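One structure is given here, and the rest of the page talks about it.
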Amino acid sequence: MRAYIGWVAGAAAAVLVAAGAITYAVAEDGSGGGSSNSAVPAANSADAGFARDMAVHHQQAVEMSYIVRDRTKNVEVRRLAYDIAQTQANQRGMLLGWLDLWGLPKVSADPPMTWMGMGDMASGKDGALMPGMATNSELKKLGSLSGKPAEVFFLQLMTDHHKGGIHMAQGCVDKCQVGVEKRLAQGMVDAQQSEIQLMADMLKERGAKARS
């Protein structure tokens with residue numbers, strides 16, 4: 001297990017190292033490798049929608065990771081939480097930076113995931129703005145637990161969160177036009193699939209399993 005976690009941590013570090021290059025490269029790749037480097041995504045494009053929605057989605061993952069970090073002393077869970085927090089905070093900064101670069105708003109009047117044709121998927125009830133996101137009640141519960149119960153609940157919440165994130169990132173892979181953004185989205189898919197497997201193993205060690 002420690003070797004596997006070390007691999008995930010190494011992969012996360014590689015993403016962070018590449019982040020700066022990707023952020024600057026997007027300025028020269030507005031058309032996704034197409035014919036016009038001067039093209040800028042429209043405010044209602046998949047590129048802009050993904051950047052806005054995934055920034056929100058990532059922010060909650062960071063929040064959950066910091067909550068569990070303070071609720072357990074388990075080294076493996078704390079390391080995983082740290083890796084998720086650092087990677088997703090960095091990616092969130094990139095996504096918001098691209099919106100700035102494109103001169104596009106960071107919020108939209110449209111419901112989340114409208115760019116995927118799924119604007120009616122999540123009601124936003126109790127703070128769950130998009131599929132996979134935890135509710136405010138679940139976040140409050142996580143903050144009230146400690147030790148093994150906190151570890152199990154965090155792993156279950158984050159597994160659901162990753163599943164929702166993968167679905168959204170795959171949507172960008174399929175619909176986005178900016179090349180570097182599509183590559184970042186594919187990297188999210190690959191990394192979060194690996195982390196889901198890791199979390200399944202960690203849940204099994206604790207006599208638990210994913211909620212769905």
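The values are calculated or read from the model by the stated rules, or taken from the named source; none is laboratory data. None of these values were measured; they are calculated from a predicted model. Using ideal geometry, Cβ is built from the backbone for each residue, glycine included, and neighbour counts are taken over all protein chains shown. In case anyone asks, the SASA skips ligands and DNA or RNA and just uses the protein heavy atoms, side chains included. Shrake-Rupley method; radii C 1.70, N 1.55, O 1.52, S 1.80 Å.
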Those residues of segment 199-212 which are assigned to a helix (DSSP H, G or I) and either surrounded by 13 or more Cβ atoms within 10 Å (Cβ to Cβ) or in contact (Cβ under 8 Å) with a residue 12 or more places away in the chain (or both), in sequence order: 199, 200, 201, 202, 203, 205
Qualifying residue in segment 77-90 (condition: in a helix (DSSP H, G or I) and more than 22 Å from residue 153 (Cβ to Cβ)): yes
Of the criteria (1) in contact (Cβ under 8 Å) with a residue 24 or more places away in the chain; (2) more than 13 Å from the chain's Cα centre (by Cα), which one residue 136 fails: (1)
Condition met for residue 148 (open to solvent by 20 Å² or more (accessible area, probe 1.4 Å) and in contact with a helix residue (DSSP H, G or I) (Cβ under 7 Å, 6 or more places away or on another chain)): no
Residue in segment 185-198 that is part of a helix (DSSP H, G or I), over 29 Å from residue 43 (Cα atoms), at pLDDT 95 or above and open to solvent by 70 Å² or more (accessible area, probe 1.4 Å) present: yes
All positions within segment 109-122 that are surrounded by fewer than 19 Cβ atoms within 10 Å (Cβ to Cβ) and either among the charged types (D, E, K, R) or part of a loop (DSSP other than H, G, I, E, B) (or both): 109, 110, 111, 117, 118, 119, 120, 121, 122
Which numbered condition residue 168 misses (of (1) open to solvent by 10 Å² or more (accessible area, probe 1.4 Å); (2) in a helix (DSSP H, G or I); (3) touching a residue at least 12 places away in the same chain (Cβ under 8 Å); (4) closer than 16 Å to residue 49 by Cα): (1)
Any chance residue 106 is surrounded by fewer than 16 Cβ atoms within 10 Å (Cβ to Cβ) and touching a helix residue (DSSP H, G or I) at 6+ places or on another chain (Cβ under 7 Å): yes
Test result for residue 155, more than 18 Å from the chain's Cα centre (by Cα), touching a residue at least 40 places away in the same chain (Cβ under 8 Å) and part of a helix (DSSP H, G or I): no
Within segment 66-102, considering residues that are open to solvent by less than 30 Å² (accessible area, probe 1.4 Å) and free of Cβ contacts under 8 Å to residues at least 60 places away in the same chain, the one farthest from residue 161 (Cα to Cα): 99
